[in-house]
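Scroll down for the structure; my scribbles are underneath it.
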Amino acid sequence: MNRLDQPLANSRARWPSLLLAACVLSSPTAWAKLRVVTTTPDFAAIAAEIGGDRVEVTSLGKPTEDPHFIDARPSLILKLNRADVLVEGGAELEIGWLPSLMDSARNPKIQRGAPGNVYASEGIEMLEVPSVLDRSMGGVHPVGNPAFMTDPVNARIVAERLARVFGQLDSKSSALFNANLKSFSDKLAGKLIEWRNRLAPFKGSRIVAYHNSWPYFARRFGLQVDLFLEPKPGLPPTPTHLAQVMAKMKESGARVILVQPYLNRHTAETVASHTGAVVVDAAGFPGGVKGTEGDYCKFMDHLVNSLADALGGKTPSTQQ
Amino acid sequence: MIMKLPHALGLGLALGLSGLPVWAQDSAQNSTVEQLQQQLLQLRRQFEETQRQQSAQIEALQRQIEALQVKPPVEATAPAPAAAAPPAHPAPVADAAPAQAAIQTWTPAQPIPVMRSGQDYLNLSFKMLATAGLSTSTEAGEEIELGHHDPAGRGFTLQAAEIALDGAVDPYFRGFGNICMSVDPDGETHVDLGEVYLLTTALPANLQVKAGLFLAEFGRQNQQHAYQWDFVDQPIILNRLLGPHSLRDPGARLSWLIPTPFYTELMLGVFHGQGHSAFSFRSHDYDGTHGRTSLERELHGPGDLLYVPRITSSFDLSDTQTLVAGASGGFGPNNSGADADSQIYGLDLYWKWKPVHAEHGFPFLAWQSEGLYRRYEAGADSERDMPSEDLDDWGFYSQIMWGFKRRWVAGLRGEWADGNTGAWDASDRFRGERIRFSPNLTCYPTAFSKIRLQYNLDDGDRFGTEHSVWLQGEFLLGSHGAHKF
């Protein structure tokens, strides 16, 4: 039997009766599969691509939820307690809620440094690493901007990492994981060309965003996302700051405002109505916008297409 | 990083070497100078050649990396399923490299990105909680605000200044510590060791041990520090039964995460049970013993320790609602009589609603309630003319917090506490019927600061009706601990 059966063997010894039956009934085929828990749905989508039917993937954060402000609900403790693999972004994205869950999870398999702990930002070239840390500058992330998954090249790096970790933990299935990695990479390579071409006509365009979550995306596709509705990261927009943003938008001809589903769309719409700009619902994660659930490429498709439509002067068809 | 190092070294070397001829001119022999100059020239040529080769290699490697990042792995010799797409647009792959290289060029003015998580081996923070208040009661600090971290009455109070430390000790333990300071109305600074404990992370069978000095896991609020409270002051029933310092004592707690389909945790805390932070148990002052002279009972065996069992469960009622329910007990001897014991029972309930699209955690609605009952077996004290009697106390608080807008939380708390009649009631500030209503409004500019305004309508057997208004401020420096639910 492989090592995944051990925790269940323990509980079997302790609870010969009812509780085990409850566990078995609730997940009849879960025994041999790797139980993968991710902090955000983008990692979950990639874990599912790589793991196929050899993994059972759960995301702690919902696609519509701000990853900084996930409630540390006790049900999440249970998910972490039963996980074989934890995929966290790191870079202090989850610092407000994950540590207290990990204190209660009592699962050495996924503690920092254990084989089942994947710290996804490792191996990523982080952008916007501040040289000075000062909270008067707002919610700055000390190790760089954590929203690195909107660059497909980074998604590939994470996918490789997951294939390696899954292969270590379930060596019998490592061929499958590698095959899945290859087909995912191939798909991504094709898609990357498609996305580049779609955005190529808008190279260098200036785009406004509510929150600074797009440096990796902007770099990959040659866009300039440098006007933000938030005066400082994490602070709500003020009228003075919005007036300045609007002036700069008119000056530079910026016509598109990116807003994640968990931010205040109303503010963005007000700015848009004063400047003739278009608000684009830019999901931060697969599933943040309907039809993109659990699929990284669909999520990027939606992001690229709705942005290209808006830059090309079309009004976005999907509005929430 | 790797490609930047040779550049920096090269720059340093070149600077160092270019200084050589100036120094050489001072030497007397012209021939020596020429020789040296020749050598220098050679060295310089060699150096430049190496540098050229290296930068060529670096560029080549960089191009390879770029190509690999864009294309599928090289070993993928089998025709890719998406092979139809690339030949149609070969150009974008080629143009990727220069665009990328242009962005990646590093200058000495830029910070060097180094992976780091936490600056040190521990997280360090400093917090301050202070209040300014008005009250119709001249003795608010002695009669109606009895908690150690409550406002001390009219005027200004520094409720707490706290230094907190935590971190991973090793792969098996996490460590926590906080030192809490407060200033009393006489200007004296009090330093309390708030909590110091270790927590296991790798015990088998879903077990976990906490050991040290810590706040007992009795109900919800007892485990919280003053800056985590939703109101300026401690709920009356917690103040009366768990004590002005909260129930906090040296001890150990064993917890078991029960393998049920929903979250259930069973805990048993065992504490020394002595001193002012074990108020209903072996405490030494008249408030704690309800007028009896404290007996200084010593430990004779495990039966003289304080036991705090707790069970708590949680259910996600829907995508937006979560419920947490718990039951707790506290059982141990008290210092009012040689065989006197105390028993406390508590029930707690917490419900939270947060919509699917929440901006920075707002809006939300959270309801929290705790009900407690205590039997205090008070011993006879013939010197002070006190009979042996059972003192029964009970009460509850219920509060609703409404985060109606980003940054803003409005709260309302209602409380009631009462008990049977006791011999020392006329002097006992911690007994008798009391009702209190407290609406409040809190603004959180960021996660690191808050400003709170609270009104208390207070009605008690001992003091009649009193009105108080409190304005509270808090700041946090350093690392912000993760939120608990």
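Building the convex hull from the alpha-carbon atoms of the stretch A:45-137 and averaging its projection over directions returns 7.6 nm². Which parts of the stretch B:443-467, residue by residue, lose 30 Å² or more of accessible area when the rest of the protein chains are there, as against the chain isolated (1.4 Å probe)? Buried by the other chains: B:Phe448.
Solvent exposure of A:Leu133, expressed as accessible area, is near 90 Å², computed with a probe of 1.4 Å over the protein chains only. Cα centroid separation, the stretch B:430-444 to the stretch A:147-177: 53 Å. With only the Cα atoms considered, the stretch B:125-478 has a convex hull volume of 142 Å³ per residue. Where a ≥ b ≥ c are the square roots of the eigenvalues of the C-alpha gyration tensor, would you call the stretch B:259-361 rounded, which needs a/c under 1.5, or, failing that, prolate if a/b is larger than b/c, or oblate? Prolate is the answer for the stretch B:259-361, as a/c is 1.5 or above and a/b outweighs b/c. Under 5 Å from the amide H of A:Asp226 lie the amide H atoms of A:Ile207, each residue being 5 or more positions distant or on a separate chain, with H modelled from the backbone and absent for Pro and chain starts. Rolling a 1.4 Å probe over the protein heavy atoms leaves B:Thr189 with an accessible area of roughly 90 Å². For the stretch A:131-265, the Cβ-based charge dipole about the Cα centre amounts to some 320 debye (Lys, Arg positive; Asp, Glu negative; other atoms uncharged).
Between B:Ser31 and A:Ser136, the simple label model (points 7 Å from Cα in the Cβ direction) yields a spacing of 6.8 nm.
Counting 0.36 nm for each residue step from B:Asp425 to B:Tyr172 and taking away their Cα separation leaves a gain of 86.1 nm. In sequence order, the stretch B:292-297 has phi-based couplings of 7, 6, 5, 8, 6, 5 Hz under the Karplus curve 6.51 cos²θ - 1.76 cosθ + 1.60, θ = phi - 60°, and Gly or Pro positions carry x.
Taking a straight line from the alpha carbon of A:Lys187, these lysines sit under 18 Å away, with near neighbours fewer than eight places off in the same chain left out: A:Lys298, B:Lys71.
Solvent-free Debye calculation, one equal scatterer per alpha-carbon of the stretch A:192-311: log10 I(q)/I(0) at 0.11, 0.14, 0.15, 0.17 Å⁻¹ equals -0.34, -0.55, -0.63, -0.81. Coordinate range of the alpha-carbon atoms in the stretch B:150-240 per principal axis, descending: 52, 27, 18 Å.
A crude spin-label estimate for the pair A:Ala243 and B:Leu477, with each label 7 Å from Cα along the Cβ direction, gives 3.5 nm. For B:Gly194, the amide hydrogen comes within under 5 Å of the amide hydrogens of B:Asn178, B:Ile179, B:Cys180, counting only partners 5 or more places away or on other chains and with H modelled in the peptide plane.
Here the Gaussian network model covers chain A, with springs between Cα atoms less than 10 Å apart; of A:Glu92, A:Glu269, A:Glu251, A:Glu251 fluctuates the most. Cross-link check: pairs A:Lys203/A:Lys248; A:Lys33/A:Lys191; A:Lys109/A:Lys290 evaluated at a Cα-Cα cut-off of 28 Å; pairs beyond the cut-off: A:Lys33/A:Lys191; A:Lys109/A:Lys290.
Nearest 20 debye, what's the magnitude of the dipole of the stretch A:37-162 about its Cα centre given +1 on Lys and Arg Cβ and -1 on Asp and Glu Cβ?
Details: 11 positive and 18 negative charges, 100 e Å.
It works out to roughly 480 debye.
For the stretch B:389-485, the fraction of C-alpha pairs farther apart than 19 angstrom is 57 percent.
So if R0 is 56 Å, what FRET efficiency would B:Val196 and B:Gln53 give, r being the distance between their Cβ atoms, rounded to the nearest 0.05? Calculated transfer efficiency: 0.40. For chain A, the Cα-based Rg and Dmax, in that order, read 21.1, 72 Å. Rounded to the nearest 0.05, the FRET efficiency derived from the C-beta distance between B:Trp408 and B:Thr136 at R0 = 30 Å is 0.60. Overall, the stretch B:125-478 carries a charge dipole of about 1580 debye about its Cα centre when +1 sits on the Cβ of Lys and Arg and -1 on the Cβ of Asp and Glu, all other atoms neutral. Considering only B:Asn222, B:Tyr263, B:Trp394, the residue lying farthest towards the positive end of the dipole of the stretch B:125-478 is B:Tyr263, judged by Cα position with unit charges set on Cβ. Between A:Ala200, A:Ala44, A:Ala91, the Gaussian network model of chain A with springs among Cα atoms under 10 angstrom shows the greatest mean-square fluctuation at A:Ala200. Accessible surface ranking for B:Phe218, B:Phe404, B:Phe362, 1.4 angstrom probe, highest first: B:Phe404, B:Phe362, B:Phe218.
The values are calculated or read from the model by the stated rules, or taken from the named source; none is laboratory data. Note that the coordinates shown come from a computational prediction; the quantities given were computed from them, not determined experimentally. Note that we place each Cβ from the backbone using ideal geometry, even for glycine, and neighbour counts take in every protein chain shown. Accessible surface areas use protein heavy atoms only, side chains included; no ligands, DNA or RNA. Shrake-Rupley method; radii C 1.70, N 1.55, O 1.52, S 1.80 Å.
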